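Right, one structure below, let's go through it.
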Amino acid sequence: MSEPFQMQGAGGSRDERNVYSLTVPWYAPTLDDVRSVGSAPPLGLVETGRTWNELDAGGFQVDVSYEGIPDGEDTEQETIEFDSDFKEEPLPAHPAWATIKEKYRGSVDSTGAVKFDEFLEKAYKGALGGAQAGNKVKNPLFGSKSYLEFSAIFRRTRIVEQLPGDLLSSIGSIQNNLPGGLPTPEGRNWLVMPPKVSKRGNVWQIRDEWKLSPKGGWPPEVYNLIQF
């Protein structure tokens, strides 16, 4: 009976956080050998899985996968991502809703629906302008239900050897500044979101997230209640 051996065709990659992914193909003479082929994990990495396929000539090709950071290399790596967009919000949630409602004759009915008069007196025309009807002007907010609010998520993905003991301690807290002194729009702050954690061979990957507040900041009376 033939013996297991390493086949040609090993390949791998290294990502921006210095985490290596490596796949090494092995020949396994029998199905029982599929579970055991493979030498000691290369570079100090950790086996993360294996797949196999039966060969036409007999036996099996087993692709053994490894992941992690090699022995002796820096494990304190991180990347930054800033994801911003506009999201639709109901007009009554606008910080200046009281002013908008008064100036443009808005109201909220018993079902919560927002309504604006179709026409305003010319004195209300202001800078927005609009079509005139006699001594009235078309209300620029007629038919409006919502507005676009700037939103952003700041993400920091880091690699560590051991999970921090305080990993969950800041969830739900409100912070005025981001790590590293990155800019925060005036009149806003950040809500610390739950982290996402995954094991990558011999290291841990942690994705921390901060969510930007609306203008005026996150109300501590609400968000202090969800802190761990």
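The values are calculated or read from the model by the stated rules, or taken from the named source; none is laboratory data. Because the structure is predicted, anything quoted here is derived from the model rather than measured. Heads up, the Cβs are rebuilt from the backbone with ideal geometry, glycines too, and the neighbour counts pull from every protein chain shown. The protein model used for the area step is the full one, side chains on, heavy atoms only, and it has no ligands, DNA or RNA in it. Shrake-Rupley method; radii C 1.70, N 1.55, O 1.52, S 1.80 Å.
Observations on the structure shown:
- The lone criterion from (1) outside any loop (DSSP other than H, G, I, E, B); (2) in contact (Cβ under 8 Å) with a residue 40 or more places away in the chain left unmet by E16 is number (1).
- Among (1) open to solvent by 40 Å² or more (accessible area, probe 1.4 Å); (2) modelled with pLDDT under 90, the one test that Q61 misses: (2)
- Tabulated pairs, the range 151-179, first among the acidic types (D, E), second modelled with pLDDT of 90 or more and open to solvent by 40 Å² or more (accessible area, probe 1.4 Å), C-beta under 9 angstrom, 6+ apart or interchain: E161/N202; E161/W204
- Looking only at residues in the range 1-11 that are free of Cβ contacts under 8 Å to residues at least 40 places away in the same chain and closer than 15 Å to S65 by Cβ, the one that is farthest from the chain's Cα centre (by Cα) is Q6.
- Taken over the range 16-54, the criterion of being of a type in the set (D, E), more than 14 Å from Y66 (Cα to Cα) and open to solvent by 40 Å² or more (accessible area, probe 1.4 Å) is satisfied by E16, D32, E54.
- Of the strands (runs of 3 or more DSSP E) lying entirely inside the range 171-228, those carrying at least 1 residues that are open to solvent by less than 70 Å² (accessible area, probe 1.4 Å) and within 30 Å of S13 (Cβ to Cβ) are 196-200, 203-212.
- Residue match in the range 81-92 (condition: acidic (D, E), at pLDDT below 95 and closer than 24 Å to E16 by Cα): yes
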